[in-house]
1. For residue B:150, which of the numbered conditions (1) touching a residue at least 40 places away in the same chain (Cβ under 8 Å); (2) in a loop (DSSP other than H, G, I, E, B); (3) within 18 Å of the chain's Cα centre (by Cα) fails to hold?
2. On the given criteria, is residue B:89 away from chain A (no Cβ under 11 Å), in a loop (DSSP other than H, G, I, E, B) and touching a strand residue (DSSP E or B) at 6+ places or on another chain (Cβ under 7 Å)?
3. For the stretch B:228-266, enumerate the residues that are of a type outside the set (Asp, Glu) and part of a helix (DSSP H, G or I).
4. Within the set of pairs 6+ apart or on separate chains, which have a first residue in the stretch B:153-179 that is more than 10 Å from chain A (Cβ to nearest Cβ), a second that is charged (D, E, K, R) and not in a loop (DSSP other than H, G, I, E, B), and C-beta atoms under 6 Å apart?
5. Being small (Gly, Ala, Ser) and crowded, with 24+ Cβ neighbours inside 10 Å is the filter; apply it to the stretch A:28-58 and report the residue that is nearest to the other protein chains (Cβ to nearest Cβ).
6. Out of A:166, A:134, which single residue is of a type in the set (A, V, I, L, M, F, W, C) and over 17 Å from residue A:292 (Cβ atoms)?
7. Can you pull out the residues in the stretch B:35-52 that are in a loop (DSSP other than H, G, I, E, B) and free of Cβ contacts under 8 Å to residues at least 60 places away in the same chain?
8. Where residues in the stretch B:180-233 are among the hydrophobic types (A, V, I, L, M, F, W, C) and farther than 22 Å from residue B:135 by Cα, which of them is surrounded by the fewest Cβ atoms within 10 Å (Cβ to Cβ)?
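The values are calculated or read from the model by the stated rules, or taken from the named source; none is laboratory data. None of the values given here were measured: they were computed from a predicted structure. Cβ sites come from the backbone with ideal geometry, for glycine too, and all protein chains shown count toward neighbours.
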Amino acid sequence: MTTATVEAGAAGHGAEPRGKRTEDGQATYLVAIAEALWEEMERDDRVYLLGEDIGVYGGAFKVTEGFLDRFGPDRVIDTPIAEETIVGMAVGSAMEGFRPVAEFQYADFMSSGFDEITTVLARYHYRSGVPLPVVLRGPSGGGVRASSFHSINPEPWFAHAGGIKVICPAFPADAKGLLKSAIRDDNPVMFLEHKWIYRRIKEPVPDDPDALEPISVARVRREGRDVSVITYGAMVHKALEAAEELERAGISAEVVDLRTVYPLDEETVLRSIEKTSRALVVSESYRFVGIGAEVAATIAEKAFEHLDAPVARLSPPNLPVPFSPTLEDAFLPQVADIRTAIERLSAW
Amino acid sequence: MATKVHRAAKADARPLPDERLKEILYFLKLARYFDERMEALYRQGRLPGAIYSGRGQEGTHVGVAYALEPGDSLFPTHRDLTAQLTKGLDLKRVMAQFWGRIDGYTRGRDGNSHIGDWYGAKTFTVMSHLPIAYPVAVGAAWAYKRRGEPHVAMAICGDGATSNGRWHEALNWSAVFQLPVVWVVNNNQYAYSTPNEREFPVPTIAERAAAYGMPGVRVDGTYVLEVYEAAKEAVERARQGGGPSLIESVSLRWRGHAGHDPATYVPKDLLERYMAERDPVRTYEEQLLAWGVVTKEDVAELQARIEREFEEGHEFALASPFPEPGDVTKGLWVEDGYWRSEPGRGGGTEAG
């Protein structure tokens, strides 16, 4: 981990997010998210945004900069600091046919709306038959020296809630296509962006407003023969870096990007294990009862006969994300940790 | 924004046509009979799950819900089944719900008064974490305002739930956005075992409305017409664009928090006084007799009808099939189509 700054500030110039692409037409992950929101709002006037400081200010990370001018205060709503009611407002308006997208300034603050998320949003349709097409989105994840209350990965909490789809994209094109799918989905979706990726990763993204990425479909990001690294979010980039380094040492690692952590695409994971016979599961969410634990258990249960080595896991311990660079780097899985784990597995 | 204290309606003032006054008597007496019979079945071990009696609070429940139009939405609690029946729930399906059957409003996915009928009576399916429906009512009310529709959202919670942060979040938000919503607090003086003085440090809940810049009124929840008139005023104000209101309706919870609770913490003399002098069902029945709106024969006929409907509901519930065990995972995701299958099953809960 090399970055030492907390990223915030203007995303670029011009109101329409596409105007913020680079000169050669690439979009950062942040701009890709803004494009998805913009295009879905243009497409469907039932879609509206609500959240703290998203209108006049354009959002803490400036994802919704320019949206208020284009869509007006009825569709870009600056709310009081009241997270339970942000979720409740989204649910109640969804019951009346709207398709709300609520921004949490940081995914950490989703815990302030926890009851409305896990009790109402997750459990309402199963008990009532009333669809709740609600998207909750916000920046998650660490590695930007933002310490305990601006760095968490809450995906296990909400994956465990049962009735919420949980998406954690790693690339701009995936972020764009998956957010559009989330907004068009009739179920509640938690869309967890990763703030370390926001301005660090850029690539070409589709111009077609109907180009979607499917929810609950993982993607093999890098083909390999010897070891499968199953991961998602910012850890995909660490895994790809480790895999590149090992290629030169003659070890071929496959990297599977889950993209959606709930419901899980088991098939793509198991197919990869059938090919490599070795599995390393890397997650930025906690180790104990984490996403990685579930993936590892699934592999052990359903691909046992294909395994040549025990399933290995890399993930942070269940403790608050620490601030000091030495502590945070020790806390999060690093490229070197992943490389070492792959080497150990390939030696079996 | 001064808090008003309503006095009991004048004995010679009839706020509604006779037929509607009789309808209110029907709901009051239905609620009382249902509550007593379900408790008896529960104690006999013939009713699974739980019961949450609304006895003693019928004036609040019927009074507020009767002020709503069909297009208005209601966000109640487990205590407020009477309000849901008044809003239009079908007794048969309610009873199928209590017995965990497929014809219950939740298709066996929830029980007792954790019930709702969004696409029919326009009521929210109840949840236990109070006042969890208050923030949701904000969203429905916002939708009506945004679309310019003449609908109102009404949410009910108990006195204890006003201690929760969400209660304040929702009132504050509704006032900031001037939403068409009516906040009802069914103050039955006890939150499970906790009395009012351990829940809030001010004399009334109604006066808290001033902190949110909305009208607040405290009414006698044992007199249904007083509750109705206050609710009607608040509902119509919201409908006309006048924003949110708070209604505190005071009565006493006659039974325990749930069926298992003997409620020995309620002073005996307080309970006896309420039962003797402030019975919302008897008070109203006597009022209608005095007005000549009904005769004793009418009342007996009404009671016989209610008992017949209860028996029909009970038979319907016991004859309704249990949900298929193999369907346990169905209905979680919209795309599995479960809630759109078998039209009619589940009480009008299918989308569209």
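1. Result: residue B:150 passes all but (3).
2. Details: away from chain A (no Cβ under 11 Å): yes; in a loop (DSSP other than H, G, I, E, B): yes; touching a strand residue (DSSP E or B) at 6+ places or on another chain (Cβ under 7 Å): yes.
For residue B:89, the condition - away from chain A (no Cβ under 11 Å), in a loop (DSSP other than H, G, I, E, B) and touching a strand residue (DSSP E or B) at 6+ places or on another chain (Cβ under 7 Å) - is met.
3. The initial filter retains those residues of the stretch B:228-266 that are of a type outside the set (Asp, Glu), namely B:228, B:230-232, B:234-235, B:237-247, B:249-260, B:262-266.
If the condition is that a residue be of a type outside the set (Asp, Glu) and part of a helix (DSSP H, G or I), then B:228, B:230, B:231, B:232, B:234, B:235, B:237, B:238, B:239 are the ones that fit.
4. B:156/B:80
5. Here is the first cut: in the stretch A:28-58, the ones small (Gly, Ala, Ser) are A:32, A:34, A:36, A:51, A:55, A:58.
In the following step, the residues that additionally are crowded, with 24+ Cβ neighbours inside 10 Å were identified as A:32, A:34, A:36, A:51.
Details: A:32: 26, A:34: 23, A:36: 21, A:51: 13 Å.
Filtering first and then ranking leaves A:51.
6. On the way: A:166 fails: over 17 Å from residue A:292 (Cβ atoms).
Every option except A:134 fails the conditions.
7. Filtering the stretch B:35-52 down to residues in a loop (DSSP other than H, G, I, E, B) leaves B:44-52.
Correct list: B:44, B:45, B:46, B:47.
8. Filtering the stretch B:180-233 down to residues among the hydrophobic types (A, V, I, L, M, F, W, C) leaves B:181-185, B:191, B:200, B:202, B:205-206, B:209-211, B:214, B:217, B:219, B:224-225, B:227, B:230-231.
Subsequent filtering for residues that are farther than 22 Å from residue B:135 by Cα retains B:202, B:219, B:224-225, B:227, B:230.
Working: B:202: 9, B:219: 28, B:224: 29, B:225: 24, B:227: 31, B:230: 26.
Within the stretch B:180-233, the match that is surrounded by the fewest Cβ atoms within 10 Å (Cβ to Cβ) is B:202.
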